[in-house]
Each structure stands twice: as structure tokens, then as C-alpha cells.
Amino acid sequence: MQTSWIPFIPEGASTVSGKVDALYFYLSGVTVFFTLLISGVLTFFVIKYRRRMPFEIPRPIAGSHKLETIWSVIPFMIAMSMFAWGAQIYFQNARSPKNANEIFVVGKQWMWKIQHSTGQREINELHVPIGRKIKLIMTSEDTIHDFFIPAFRIKADVLPGRYTTQWFEATKPGTYHLFCAEYCGMNHSGMIGSVIVMQPTDFDNWLSGNSSQQSPAVAGQQLFQSLGCVSCHGANGEGGRGPELAGLFGRKVFLTNGQTLIADEGYIRESIENPQAKIVNGFNPIMPTFQGQVTPEQLIQIISFIKSLQGFKSAISNNDAGSCCESRAIDRGTTGRAAEFEIVQQEL
Ligand code: CUA
């Protein structure tokens, strides 16, 4: 695949790769500078102040506040510059943009199963367009894996029973390496693939040429019927004996134990697999567990369906609660109902 002009550094092909590289070169530069400075000065002093006469005794040094202040403050400032710069890039990477296209990733010994929100599936290949923000929602069927695209400078663990996310925006068409970066068993080294970055028009053609498959949301709707969720949550998630699901995603949820949370993928998953863990205020713990009855991919489909349900506009849709919690509620519901809901929330 493609190489960079610097040995051992993969080519940069995303909007963050330049920023990550700049920080990396800064860290390397500081390290090299001080290594040379200290070893140079050390060598110089060893030669200059060597013992020339037998029984020569050095002049004792009583200490210097000025010197000690300088060699404490300067390294502190350098260390804090690394922290601030690193934190800035970290937060930028950790928070997925709200308008990103979602792609689902399921890791399994030893392959990557990928599904686009329009339904196309891929194995060990990920097709993406340049210039669009892509959010990966990732989980594992078995053990811990790690989704790593060196050219994009992104890497995140993929865990069973949890959703992790990461995002990128590709900048250069081409084919890049995809690795599993967590030792996950015998064929870990074979858990590799390709990321194919295309021009947006080529990508749209590719997407429409593979559109025979059902979108996760539609598949999720069928599961919602066949698993009997409709009997308590309503055919369109309008609620009943169970809480309303329409417009749930990204909304604040009030629990019987007095706590509140923002409904994200992890919460919905927990509520399906372990419904007793968090009971919504005003409801009884009557839901049976669906653990073992739905596969990780089916869970993603059900979550996609719930995300697609239109409901009230969330009062906290513009919050900044982080990557896990951005709201899908922006274009949901009517303004009147939204205002009503906001008032209800304020009263609570
Ligand atoms: Cu999956 Cu290593």
C-alpha cells in the first residue's frame, strides 16, 4: 500500500492525521533535543572537570534557588504543553460530530463485519468517501479487538457487551491498511483488511450498486415485531405498558432510583439485555431479558430502528455531552410538541 516520505510513518489520509503527526514530531523533537543536550553537556563536563591531579578535591556547591527554579519551571511548562496539545487532539477525536454518517462494525475472531446504515455489508473491507465525516459504532461478538487505521491515525478498542465509537474524515482516495491492534487469539495477525477511500460520486455509485440489502433500521423493525416488543412499546414505539421509544435516542431519561441519563446505544442495549438494571420512572420492572436471544448485529438493528423513530424534539438536543450522547432528535417532532416537552422537563 502507500508509503510516506518519512520511513516508518504511514501516509496521512484523514483530517486528523496531520495534527497527530505534528504532536508526534513535537514529542520526538523535544526528546531528541534534551537527549542531545544532556549527553553533550555531560560529555563536556566529564572532560572539562576531570581529575587532573591525585588527591584533587572539588569545591563544594551550596545550592542555587535560581538554578533550581529554572530547571523546574521550564520542564513543567514543556510537560504541560504536551498535555494541553494532546488533550486538545484527544477531545477532538473522542467527540463524534453530530452530522456524521454512521457505520456499524462488529469484530469477531477473526474478521471485521461492517454494515452501512443503508444496509450494505462488507467483510474486512470498508468503503468510505472523502470529505464526509464517518462515525464508526463498534462492538464485538467475542473478545476484545481493536479497530486501527494507521493512515487515518485512529484506533479504538472494540469490546463485547459495549459500544465504542470513533470518527474520521478521509482526505485522499486510495487503499489503506486496516488492522486489529489487540491480541485476540490465534489468528489475530490475520484479522486485517482494507479501507477503500473513494471520491463521493464513486462511493455513491458503489453504495447504490450494492443496495439489495435491508437497512439495519428496517431489519430492526422486523425484529421489533417478531420479538414481541410491540406489545408493550407500541408498533411505532409510542409506548404503553413499556416506555415510549419514539424520539428516545439522545433524550434525557428519568429513572425510578432518581437518577437521570441520556439515552445512547449503550443504554438501549443494556435495557434489552438486562431490563431490570435501569427502570424508567413511572414504569414497572415487567420486561423479560432478551440476553442470548439477539445477536450483536441484531442489537444494532434494533437500536437503529429505535433511533429512526420520530418523536418529541429533545430539550437537550444541543447539549455537548460527548461522543456517546449526541442527539438524533434535531429533525424530530413538531415545534409545538417540542416546546411542551421542554416545559415538562424544566418542571421535572
Ligand atoms: Cu481481533 Cu486481534
- Can you give me the number of residues within the range 13-72 that are of a type in the set (Phe, Trp, Tyr) and in contact (Cβ under 8 Å) with a residue 24 or more places away in the chain? 1
- Item | Residues that are touching a Lys or Arg at 6+ places or on another chain (Cβ under 6 Å), within 13 Å of the ligand (Cβ to nearest atom) and under 22 Å from residue 9 (Cα atoms), drawn from the range 139-180 | 148
- For residue 192, are the conditions met, namely being of a type in the set (A, V, I, L, M) and surrounded by fewer than 17 Cβ atoms within 10 Å (Cβ to Cβ)? yes
- Message: Criterion first (loosely packed, with under 15 Cβ neighbours inside 10 Å and either more than 23 Å from the chain's Cα centre (by Cα) or not basic (Lys, Arg) (or both)) does residue 221 satisfy it?
- Response: no
- Message: Given the condition among the β-branched types (Val, Ile, Thr) and farther than 23 Å from residue 250 by Cα, answer yes or no: does some residue in the range 160-168 qualify?
- Response: no
- Query: Given the structure, is residue 15 among the polar types (S, T, N, Q), modelled with pLDDT under 90 and closer than 30 Å to residue 145 by Cα?
  - Reply: no
- Task: Determine whether residue 205 is farther than 30 Å from residue 283 by Cβ, assigned by TED's automatic domain parsing to the domain that holds residue 155 and more than 26 Å from the chain's Cα centre (by Cα).
- Result: yes
- Filter pass, residue 193 being within 16 Å of the ligand (Cβ to nearest atom) and not polar (S, T, N, Q): yes
- Item | Residues being under 30 Å from residue 173 (Cα atoms) and outside any helix (DSSP H, G or I) - total across the range 1-52 | 16
- Find the residue count for the range 181-190, including only residues that are hydrophobic (A, V, I, L, M, F, W, C) and near the ligand (Cβ under 8 Å from one of its atoms). 2
- Query: Among the residues of the range 266-278, is any of a type outside the set (Lys, Arg), at pLDDT 85 or above, assigned to a strand (DSSP E or B) and out of contact with any Ser or Thr (no Cβ under 6 Å at 6 or more places or on another chain)?
  - Reply: no
- Message: Go through (1) part of a strand (DSSP E or B); (2) under 16 Å from residue 156 (Cβ atoms); (3) in contact (Cβ under 8 Å) with a residue 24 or more places away in the chain for residue 115 and report which single condition fails.
- Response: (2)
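The values are calculated or read from the model by the stated rules, or taken from the named source; none is laboratory data. No experiment lies behind these values; they were computed from the predicted model shown. When we count neighbours, we look across all protein chains shown, and the Cβ atoms used for this are built from the backbone with ideal geometry, even at glycine.
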